Amino acid sequence: MNPELEQYIEQEILPRYEHFDAGHRTDHVRTVIEQSLALADRYGLDPDMAYTIAAYHDTGLVNGRERHHLDAGRILAEDPVLRRWFTEEQITTMREAVEDHRASSDHAPRTIYGRIVAEADRVIDPVTILRRTVQYSLANYPSLDREGHWARCMDHLRKKYAEGGYLRLWIAESENARRLEELRALIRDTQRIRQLFDETFDTESGA
């Protein structure tokens, strides 16, 4: 990888994640970077592009969650410093990949780079996903009691991850397909997931 590019992103871009919600902080973006680079290596793609896409993919959260994928694409495309290392064609490809990473997107990613960052962003680990869902609920719905958070979290998990949910996987060789089946089994096991929810809720809420 280009050391100057890496230094710029480490110093100027990744620190922005420190100010986002608990599920989208520096640990999250570093996980997406790691998984993106591994997938890019598997497919023989440009590691600098994969790294940059992953680093910018959630920067749009600075303006809120709803359009963060579009805002992040704009932030990447409008960063003049990136033109030291990338052509305009590469910038366009990276912008499209960032725009296409969102799980609820109504279309498939337009390029392999978009598929990679979308897949890397999934991070399908049942315990992590439950924790992030609880964290988001506590941060955005503070008036709910425990049962209200339980109902909201389960509604979100079913709509996104259960059979027929809107989550789509784009890289068949990734571990996410197996992990998604594990998560779906957990969602179906009401007693087990309620126990995990209560443990997570107590930890995150300080109850």
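Restricting R110, R74 to those that are touching an Asp or Glu at 6+ places or on another chain (Cβ under 8 Å), of a type in the set (D, E, K, R) and surrounded by 13 or more Cβ atoms within 10 Å (Cβ to Cβ) reduces the list to R110. Checking each residue in the stretch 37-67 for being open to solvent by 10 Å² or more (accessible area, probe 1.4 Å) and more than 26 Å from A172 (Cα to Cα) picks out L61, V62, N63, G64, R65, E66, R67. Residues in the stretch 102-130 that are of a type in the set (V, I, T), outside any helix (DSSP H, G or I) and within 16 Å of the chain's Cα centre (by Cα): V123, I124. Among the residues of the stretch 84-93, count how many are in contact (Cβ under 8 Å) with a residue 60 or more places away in the chain and part of a helix (DSSP H, G or I). Adding up the residues that qualify gives 1. Condition (residue is in contact with a Ser or Thr (Cβ under 8 Å, 6 or more places away or on another chain), under 22 Å from Q35 (Cβ atoms), in a helix (DSSP H, G or I) and at pLDDT below 95) applied to the stretch 131-143: is it met by at least one residue? Within the stretch 131-143, one or more residues are in contact with a Ser or Thr (Cβ under 8 Å, 6 or more places away or on another chain), under 22 Å from Q35 (Cβ atoms), in a helix (DSSP H, G or I) and at pLDDT below 95.
Taken over the stretch 114-126, the residue count meeting the criterion of being in contact with a Leu (Cβ under 7 Å, 6 or more places away or on another chain) and more than 14 Å from S174 (Cβ to Cβ) is 1. Of the residues that make up the stretch 94-101, is at least one modelled with pLDDT under 95 and either part of a loop (DSSP other than H, G, I, E, B) or more than 20 Å from E4 (Cβ to Cβ) (or both)? Among the residues of the stretch 94-101, at least one is modelled with pLDDT under 95 and either part of a loop (DSSP other than H, G, I, E, B) or more than 20 Å from E4 (Cβ to Cβ) (or both), which makes the answer yes.
Among the numbered conditions (1) in a loop (DSSP other than H, G, I, E, B); (2) open to solvent by 80 Å² or more (accessible area, probe 1.4 Å), the only one that E199 does not meet is (1). Within the set V134, V127, V117, the sole residue that is open to solvent by 70 Å² or more (accessible area, probe 1.4 Å) and β-branched (V, I, T) turns out to be V127.
Of the residues making up the stretch 145-184, those that are in contact (Cβ under 8 Å) with a residue 24 or more places away in the chain, open to solvent by less than 60 Å² (accessible area, probe 1.4 Å) and assigned to a helix (DSSP H, G or I) number 10. Every condition in (1) within 18 Å of G23 (Cα to Cα); (2) out of contact with any Phe, Trp or Tyr (no Cβ under 7 Å at 6 or more places or on another chain); (3) not acidic (D, E) is met by R178 except one, and the failing one is (1). Restricted to the stretch 42-72, and to residues that are in a loop (DSSP other than H, G, I, E, B) and of a type in the set (D, E), which residue is nearest to the chain's Cα centre (by Cα)? Applying the filter and picking the extreme gives D58.
Of note, I187 does not satisfy the criterion of being of a type in the set (V, I, T), within 22 Å of R115 (Cβ to Cβ) and open to solvent by less than 50 Å² (accessible area, probe 1.4 Å).
The values are calculated or read from the model by the stated rules, or taken from the named source; none is laboratory data. Predicted, not measured: the structure shown is a model, and the values here were computed from it. Every residue, glycine among them, receives a Cβ derived from its backbone with ideal geometry; neighbour counts consider all protein chains shown. The area values use the complete protein model at the heavy-atom level, side chains included, leaving out ligands, DNA and RNA. Shrake-Rupley method; radii C 1.70, N 1.55, O 1.52, S 1.80 Å.
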